[in-house]
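Report on one structure; see the data block that follows.
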């Protein structure tokens, strides 16, 4: 494999020809709610890093033209550093893992690793780091992936599946008191993001009945008079995707309200609804019904085996995560749109990039590389990939170079969006920070 695709080849990035970035983004907008697309552009416009977050389709287009040794894994498909984070397991333990699978699909393992290291280089630059330091951070991520994949390749399959990175392990691995304090503060914030604290922020009593509060354009009710009937039917159909004991749990709650919610950057414009349910004893449950479109990887990696795109997301998530939400399921709406379902938030927290220094970012890169290695080892031929990567730093160094090259490309692409806005080619709606 190294003769066919030398590891040094992964350092290279060159666009085969000038790309019309806006045309590619517009293609990805075709099936979105058009009134929300300007919000997507507004969020992408903020910086090269936010542009990278919202342009998974563009990077998939680019990565498909790069070196590939022919080994597939269950790929995340949108593997940037903010799609990792903390969340609660069904046992209420706090773990660190991948937490976004909208684009998941079996695909070359290289694509996830390259998107991840590029995101670190772009984020490091956004934070003021010079290129040599940004390259070191990207290399740290690639090294962690290579070394931990090798370790996972020597485990038995059950050990890999049982492996997880929990809060206690992260605390114990803190190199000093300052790092331990920073991590403990993050864990405390995550543990506050539970149903009892989320509910008052998005709902209130109206005429004695709980109702989601409109916060346009981010949260608002659908005015179609038949919408709630369709929502109730969608909930019934979603119930069928759950195992019997979780159906019984869901049956303890009744649907009281549903609203449209704008989420993320790359997902803006897709149909995402929050559903408010209450138990007979007035305990809230908030579920998120998020539209699942075809993966941005599909034109290059092939179609999913699942007809329902929500099922594609759920199955990919279960394959890659160490533990998944007990309410994770899928449904298809009456209008033909596919959705996957999960709890809203539930201790879910991404590491804040504001004021994070280069050393903290490098430590975070190590955790992300480790986590991606475990996710790929669950579904792919980790021994073959680890053998190809080897014990030397040849691959790590190559990805350090690639990360800087693609960071340059991201800045040029972001500039194309800025110019398109100034020329009036795209409409933008910017929100208050």
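Using only helices, what value at 222 nm comes out for the chain when you add -39,500 (n - 2.57) per DSSP H run of length 4 or more and divide by the total residues, to the nearest 500 deg cm²/dmol? Intermediate results must be reported in sequence, preceding the final value.
On the way: 17 runs with 204 residues, N = 433.
Dividing the helical sum by the residues of the chain leaves -14500 deg cm²/dmol.
The translational diffusion coefficient of the stretch 195-343, from Stokes-Einstein at 10 °C and 1.306 mPa s with a Kirkwood hydrodynamic radius over alpha carbon pairs, comes to 98 µm²/s.
Spin-label model, residue 384 to residue 12: label points 7 Å out along the Cα-to-beta-carbon direction sit 2.3 nm apart. Once the cut-off is 14 Å, how many percent of the Cα-Cα pairs in the stretch 380-423 end up in the long-distance tail? Of all Cα-Cα pairs in the stretch 380-423, 66 percent lie more than 14 Å apart. Here the relative contact order of the chain, from alpha carbon pairs under 8 Å that lie six or more residues apart, stands at 31 percent.
Please list log₁₀ I(q)/I(0) at q = 0.14 Å⁻¹ for the stretch 294-378, using the Debye equation with identical point scatterers on the alpha-carbon positions. One equal scatterer on each Cα of the stretch 294-378 leads to -0.70. Counting only alpha carbon atoms, the long axis of helix 309-320 and the longest principal axis of the chain meet at about 50°. Extending 7 Å from Cα along the Cβ direction at residue 155 and again at residue 172 yields two label points whose distance is 1.4 nm. The GNM of the chain, with springs linking C-alpha atoms under 10 angstrom apart, assigns the highest mean-square fluctuation among 370, 171, 248 to 248. Picking from 207, 174, 134, which is most flexible by a Gaussian network model of the chain using Cα springs under 10 Å? Most flexible of the set in this elastic network: 207. Per q in 0.20 1/Å, what log10 I(q)/I(0) does a Debye calculation on the alpha-carbon atoms of the stretch 150-193 return? Per q value, in the given order, log10 I(q)/I(0) is -0.72.
Ordering 422, 61 by the number of other Cβ atoms within 10 Å of each residue's own Cβ, fewest first, gives 422, 61. Modelled spin-label separation between residue 179 and residue 23, with each label point placed 7 Å from Cα along the Cα-to-Cβ direction: 4.8 nm.
So if R0 is 41 Å, what FRET efficiency would residue 248 and residue 411 give, r being the distance between their Cβ atoms, rounded to the nearest 0.05? Taking R0 as 41 Å, the efficiency between residue 248 and residue 411 is 0.20.
Provide 27, 50, 223, 410 in ascending order of the number of other Cβ atoms located within 10 Å of each residue's Cβ, fewest first.
Details: 27 12, 50 18, 223 6, 410 23.
Taking fewest neighbouring Cβ atoms as first place, the list is 223, 27, 50, 410.
Its alpha carbons considered, the stretch 299-433 gives a radius of gyration followed by a Dmax of 19.9, 54 Å.
Which whole-number percentage describes the relative contact order of the stretch 195-343, with Cα contacts under 8 Å and a sequence gap of 6 or more?
On the way: 230 pairs, mean separation 32.0, N = 149.
It comes to 21 percent, rounded to a whole number.
When the Gaussian network model of the chain links Cα atoms closer than 10 Å, the mean-square fluctuations of 130, 121, 403 top out at 130.
When only C-alpha pairs under 8 Å and at least 6 residues apart count, what is the relative contact order of the stretch 197-264, in percent? So the answer I get is 41 percent. Relative to one another, the C-alpha centroids of the stretch 198-267 and the stretch 276-332 are positioned 15 Å apart.
Taking the inverse of the average 1/r across all pairs of different Cα atoms in the stretch 1-130, what Kirkwood radius in Å do you get? Don't jump to the answer; show the numbers that get you there.
Numbers: mean 1/r = 0.0602 Å⁻¹.
So the Kirkwood estimate lands at 16.6 Å.
Relative to the longest principal axis of the Cα atoms of the chain, helix 227-239 runs at roughly 60 degrees.
Between Rg and the Kirkwood Rh of the stretch 82-175, both from Cα atoms, what is the Rg to Rh ratio?
On the way: Rg = 15.2 Å, Rh = 15.4 Å.
That ratio is 0.99, to two decimals.
No value in this document is a laboratory result; all are computed from the given coordinates. Being a predicted model, the structure only gives us computed values, none of them experimental. Cβ coordinates were reconstructed from backbone atoms using ideal geometry, including for glycine residues, and neighbour counts include every protein chain displayed.
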